[in-house]
Structure formats: structure tokens, C-alpha cells
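Accompanying notes for the structure given below.
The values are calculated or read from the model by the stated rules, or taken from the named source; none is laboratory data. Computed from a prediction, not measured in an experiment: that's the story for all the values here. Positions of Cβ are backbone-derived with ideal geometry, glycine not excepted, and every protein chain shown enters the neighbour counts.
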Amino acid sequence: MGGVVVELRAFALADAGVIVSWISGPAELLTWAGPGFTWPLDDSQLATYVAEPGRRTWTGVGPDGRLVGHASLRLAADGLSARLGRVLVAPDARGQGYGAALLTQVLTFAFAQLGLEHVELGVFAHNGNAVRLYERLGFRVDQVLPDVERVDGQSWSALQMSLAKADWSAGVG
Ligand SMILES: CC(C)(COP(=O)(O)OP(=O)(O)OC[C@H]1O[C@@H](n2cnc3c(N)ncnc32)[C@H](O)[C@@H]1OP(=O)(O)O)[C@@H](O)C(=O)NCCC(=O)NCCS
């Protein structure tokens, strides 16, 4: 899936300013993160988020050392599942496979290192780039949640998607 290489490293608060610069308005913030952040995004909201119990956060670094992405997992208390979230690729790096490369590493970590059985996520139904990326990685829609947000007079629906370890392994190699 693409030839780009991304190094996954633990998110550092020093990365916060760059991440903030990738989000250009309130609708984009909601699309990326759901209602967990409020516009304008700032370093202190990111600091609170990275300190949430069970949250693992990563920065994706490109071959030239440039920051290209962000993603996180929130581990469930049962130790068997996690919610993938805050998936973001730098605007000028999109459409080149960085999202797939970043998530392939996060999912390998989740299934191979953490030993999880399931990873789930939520995505707005109209976010086609994200939905297609998740589907390519093997995620399937479990549930449609209609009308979860109203933005500029438009109703937004959300999809709950999940990927089981067996389906992930089947898709690798
Ligand atoms: C969703 C998002 C993370 C996708 O990241 P990305 O790096 O663009 O994803 P990819 O490059 O792996 O895939 C995107 C498209 O580029 C294509 N692509 C992949 N590698 C490519 C390459 N080398 N050359 C050209 N196109 C390529 C993919 O086929 C895909 O096209 P498709 O959607 O028509 O099938 C990114 O658009 C983003 O940050 N969006 C804003 C935040 C957001 O919505 N996050 C998700 C919240 S749930």
C-alpha cells in the first residue's frame, strides 16, 4: 500500500504547534476530532488530551524529518480493544499514502505489540477520504449514527467502524 515511509514516535508537546497549524477552522476541527476539542485548538487542550488515562499518542515523521501526521489509541479497560482517533495528515502531505503508512504502524502496534482483539473508530459519514482509508485497511461499518452534529445548517451522521485482529492479519503481507 504505497511506498511512503513514516516513523512513528511518541507525540511530544513540542509537536503541538505544528498540529494546531494543520487545523484551519471549527468544522475541520470537528471533522478531525469530534466534539472533544473546542475551537480554537491550542496547546493546552492537546496537553489534556495526551494525558488522558489509556491514551497513546503518536506523531508521524517523514523521511526528511518533517512532521506528517498524528494518531492516537484509547485503550479500553478490558485490555482487549481500543478506539483509534485523531487521525490527521499534514494538509500538504495528503493523497500520497502517509495516512495508510501511519495507520499501518499504529494497527501493527495495537494487534502485534499490545495484543488487542479489536480496534474501533468513529468517522463522519461524509468524510470520504477517511472512510476509504479505513476501509482499505480492513475496517467495516458496524453502525450508522444519524444526525449526531448540526454544522452550518447541515446534519452530520457518524459511522462506527471496527477491525478485528483476524481481519487485520489476513490483510497483511
Ligand atoms: C483522512 C486523512 C487522514 C487521509 O490521509 P492521506 O494521507 O491523504 O491518506 P492516503 O494518502 O493514505 O489515502 C488518501 C488517498 O490518496 C490515495 N493515495 C495513496 N497513495 C498515493 C500515492 N502514492 N499517490 C497518489 N495517491 C495516493 C489513496 O488511494 C487515497 O485515495 P482514495 O481516497 O481516492 O482512495 C487526511 O485526509 C486528513 O488528515 N484529513 C483531515 C482529518 C480527518 O478527517 N481525519 C479523520 C478523522 S476520523
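The table below lists the values:
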{"read-out": "Extreme residue, surrounded by the fewest Cβ atoms within 10 Å (Cβ to Cβ), among residues of segment 139-162 that are free of Cβ contacts under 8 Å to residues at least 12 places away in the same chain and out of contact with any Ser or Thr (no Cβ under 9 Å at 6 or more places or on another chain)", "value": "Gly153"}
{"read-out": "Selection from segment 91-134 of residues that are within 11 Å of the ligand (Cβ to nearest atom), assigned to a helix (DSSP H, G or I) and of a type in the set (Gly, Ala, Ser)", "value": "Ala93, Gly99, Ala100, Ala101, Gly128, Ala130"}
{"read-out": "Counted residues, segment 150-173 - those being more than 13 Å from the ligand (Cβ to nearest atom) and either among the charged types (D, E, K, R) or within 23 Å of Ala101 (Cβ to Cβ) (or both)", "value": "14"}
{"read-out": "Some residue of segment 26-39 being surrounded by fewer than 14 Cβ atoms within 10 Å (Cβ to Cβ), within 14 Å of the ligand (Cβ to nearest atom) and assigned to a helix (DSSP H, G or I)", "value": "yes"}
{"read-out": "Top-ranked residue in segment 12-25 [being of a type in the set (A, V, I, L, M) and either over 17 Å from the mean Cα position of the chain (by Cα) or surrounded by 12 or more Cβ atoms within 10 Å (Cβ to Cβ) (or both); ranked as nearest to Val151 (Cα to Cα)]", "value": "Ile23"}
{"read-out": "Conditions (1) part of a loop (DSSP other than H, G, I, E, B); (2) surrounded by 12 or more Cβ atoms within 10 Å (Cβ to Cβ): number failed by Arg56", "value": "(1)"}
{"read-out": "Residue list for segment 34-82, restricted to those being aromatic (Phe, Trp, Tyr) and closer than 18 Å to Gln105 by Cβ", "value": "Trp58"}
{"read-out": "Pairs, first closer than 24 Å to Val5 by Cβ and modelled with pLDDT under 95 in segment 47-63, second surrounded by fewer than 18 Cβ atoms within 10 Å (Cβ to Cβ) and among the β-branched types (Val, Ile, Thr), C-beta under 7 Å, six or more apart", "value": "Pro63/Val5"}
{"read-out": "Residue identified as under 28 Å from Thr38 (Cβ atoms) and within 12 Å of the ligand (Cβ to nearest atom) among Leu145, Leu84, Leu75", "value": "Leu84"}
{"read-out": "Residues located in segment 40-53, provided they are assigned to a loop (DSSP other than H, G, I, E, B) and buried (at least 18 other Cβ atoms within 10 Å of the Cβ)", "value": "Leu41"}
